[in-house]
Every structure is written in C-alpha cells, then in structure tokens.
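So the structure is just underneath, and the comments pick up after that.
The values are calculated or read from the model by the stated rules, or taken from the named source; none is laboratory data. Owing to the predicted nature of the structure, the values given are computational and were not obtained by experimental measurement. Note that each Cβ is placed from the backbone with ideal geometry, even for glycine, and that neighbours are counted across all protein chains shown. When the accessible area is computed, the model is the full protein with side chains, heavy atoms only, and any ligands, DNA or RNA have been set aside. Shrake-Rupley method; radii C 1.70, N 1.55, O 1.52, S 1.80 Å.
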Amino acid sequence: MDQEEGSTTVDNIVTQFNTYEDFLDSQITTLDLYYLEDEDLARQLVELGYRGTGEVVKREDFEARKAAIEIARLAERTQKKTLTSAGKDLHDNFLKALAVREEHNRSGTVSLNQQEADAAHSLKKQLASVIFIRDRNSHGQEVSGYIDYAHRLKIEDFEVYFSGKKRLLPRPTDMSFYNWDSHVAVWNSTPNYQVIADNPEGLLFKYKRDRKILNVDPKAQPGDNSTRTPIQTELYIQAVIFDHVSRRKT
C-alpha cells in the first residue's frame, strides 16, 4: 500500500469511528472473544496486528488524524462565522462583488490552482482591494473616496452593509475623501497602502508589501498585478473596485 492509499484508509476509518477503541472493537470477532475471554486483550492483539479483519492502524495515526480533521472543521466553522457576507441574500452587484472578495481581503491570501501552486513554488499571493465610491451622504452632499477594503474589514463590522442596514461610504479617515460641496479633501495612508497625493498625473497608491504602484486614473493602466472593475450598481452614483495581487516569497 502506498502513502496516498494509506492516508485514504486512515481518513475513512477516522470518519467512520468516534474513538480508536470503537475501531478496535469493529475488528474483533465473536470467536476471538470466545477464545481470549478478555476484551482488553483482544483489543491489544488487534492493535498489534495479530488479530483483526481489516487494516492495521496505529493509535497515534488514528488520534493525530482525528485531531487534524477536528481542527479543520472548527477552522471552517470559525471562518464561516467571520465572513459577514455568508448566508446573506445579496441582490446588488456591488454587495456581491464585496462578498466575493471578503474572505481573501480578510486573510490577505488568494487561492491558487495546482498549476499556479507548482509554478509559484515558495511564492505567496496576497490580495488587497481598493474600493472607489461616489455618492451623496446623509446631508445630501456629494462625496467620493477610496477605501482600503482589507483595513476597513479589520476595524469595522460589515454586517450592517451586507444586511442592507447601512450603505458603505468613504470617510475622512479612509485612503482618500473628497466632499464636492465643501471641497474638503483628505488623504491617509493605511497599513496596506501609502498614499502619493503630490503626483502631477493624479492620485497614486503604493502597496507596502511589494511597493507596486496602483494608478486609479480611469484613463491609465492600473499597474502591475492590478485590475480595475467598474461595478454596475443601484446603490451608488459610481462604484469601482481595484484588485491588487502581490507575490512575495514566503
């Protein structure tokens, strides 16, 4: 039996039986108990491979795999609880776009297919999305700005946005904020992006992990490993999402 088949056998056994003793008992026959007259002895013989009707699985292998499966199950359940978009009935394209990106922006990682993983070797992909929104605030003033999605997810509960209780709007504390009525303009660097506001060609953001430039000018290319996606939405006058994927050695 090769290593892959052995792992599959252990996984099947671990899934089928709650405890190692339950697995041992399944290997003991009525005839074994008749001759041995000792259940504990019968279990020991199965564990050592002298008795039994199936595969020999060591206690440490069973318990290690059982623990690993439980950890994975708890991690998956925790992740589902963490994703505030999970289970929401989202109708607007903007909220759907945020939901698709929520997990990767929370973890900072992007899933690789096998071909990408083989090519990447020790490289790790990380995603950091920037949201542009232009709309009117509660005072009827037109505002616009760029939001570091990953940073906002860390400091704010997005449940109110995905549930439709509130609309996501740029704030003076975001990467950039502009009030078109009062002409107040504010820029702030975040843990992920450095703001370059004095560029003659317009506002630029430098991703701190790989130092690549994100150009948000709609007439220009967004930059290396970056994409610009306009969102057709009924919630805002205008919405655009920029996705930057960095590649760093782990």
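Structure notes:
- Val186 accessible area, 1.4 Å probe, all protein chains in place, Å² to nearest 10: 40 Å²
- Charge dipole (debye, nearest 20) of the stretch 203-250; +1 at Cβ of Lys and Arg, -1 at Cβ of Asp and Glu: 480 debye
- Per-residue extension of 0.36 nm, minus the Cα-Cα distance of Asn137 and Lys88, leaves a gain of 15.2 nm for this segment.
- The stretch 93-247 - percent of accessible surface contributed by carbon and sulfur, probe 1.4 Å: 48 percent
- Pairs from the table (Lys154/Lys208; Lys154/Lys206; Lys125/Lys165) lying more than 25 angstrom apart at Cα are Lys125/Lys165.
- When Thr19, Thr173 are compared by accessible surface with a 1.4 Å probe, the order from highest to lowest is Thr173, Thr19.
- In plain terms, the bigger the Kirkwood radius, the slower the diffusion; for the stretch 93-247, with that radius from Cα pairs, at 10 °C and 1.306 mPa s, Stokes-Einstein puts D at 98 µm²/s.
- Dipole size of the stretch 93-247 about its Cα centre, with +1 on Lys/Arg Cβ and -1 on Asp/Glu Cβ: approximately 220 debye, rounded to the nearest 20.
- Probe 1.4 Å - accessible area at Asp22, Å² to nearest ten: 70 Å²
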